[in-house]
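Every read-out reported here was derived from the displayed coordinates using simple, explicitly stated rules and does not represent laboratory data. Computed from a predicted model, the values in this text were never measured in an experiment. Here the Cβ is made from the backbone with ideal geometry for all residues, glycine too, and neighbour counts use every protein chain on show.
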Amino acid sequence: MKQQLTTEVIVSGKGETRQQAFAAAFSQIQPTLLKENQKVLLRIEPQDVKVLEAEEKITMDKFLFFFLPRERRQCRVKLEVTVSLTYIDVEQVDFQILR
């Protein structure tokens, strides 16, 4: 009943810091896997991570074009994550029909 599968998922995330960008990307793994299949996922375990794209954009903001300059950062990553899934295939479970 319990089965294992290894698959690859491409996810992306963005944030103000590099850590936030990676955290946002990793938080997209489960919703992406749930869209792809109808299995009941018991465990999602990342095995390998490959960085496909990593960008950091730095802009300067100023109040009234002159005052209080500050530096703003926007980080964006695109990852290919190899995950090991433990799941239950509900199509293989025999349900009794009660009337």
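How long is the gain from Ile88 to Leu42 if the chain were fully straight, where each residue apart is worth 0.36 nm and the alpha carbon distance is subtracted?
Working: separation 46, 0.36 × 46 = 16.56 nm, distance 0.73 nm.
Residue separation times 0.36 nm, minus the Cα-Cα distance, leaves 15.8 nm.
Given the options Glu45, Glu71, Glu80, state which has the largest fluctuation in a GNM of the chain using a 10 Å cut-off (strictly under) for Cα springs.
Glu71
Return the FRET efficiency for the residue pair Glu55, Leu34: r is the Cβ-Cβ distance, R0 is 35 Å, and the value is rounded to the nearest 0.05.
FRET efficiency, Glu55 to Leu34: 0.80.
Let me check against my output: what whole-number percent is the relative contact order of the stretch 2-91, with C-alpha pairs under 8 Å and at least 6 apart?
For the stretch 2-91, the relative contact order is 46 percent.
About its Cα centre, what dipole magnitude does the chain give when the only charges are +1 on Lys and Arg Cβ and -1 on Asp and Glu Cβ, stated in debye to the nearest 20? Walk me through the intermediate numbers first.
On the way: 15 positive and 14 negative charges, 88 e Å.
Charge dipole of the chain: 420 debye, to the nearest 20.
Between Leu64 and Glu16, what FRET efficiency comes out of the Förster formula 1/(1 + (r/R0)^6) with R0 = 35 Å and r the beta carbon distance, rounded to 0.05?
0.90
For the chain, just the Cα set please: Rg and Dmax, both in angstrom.
20.5, 76
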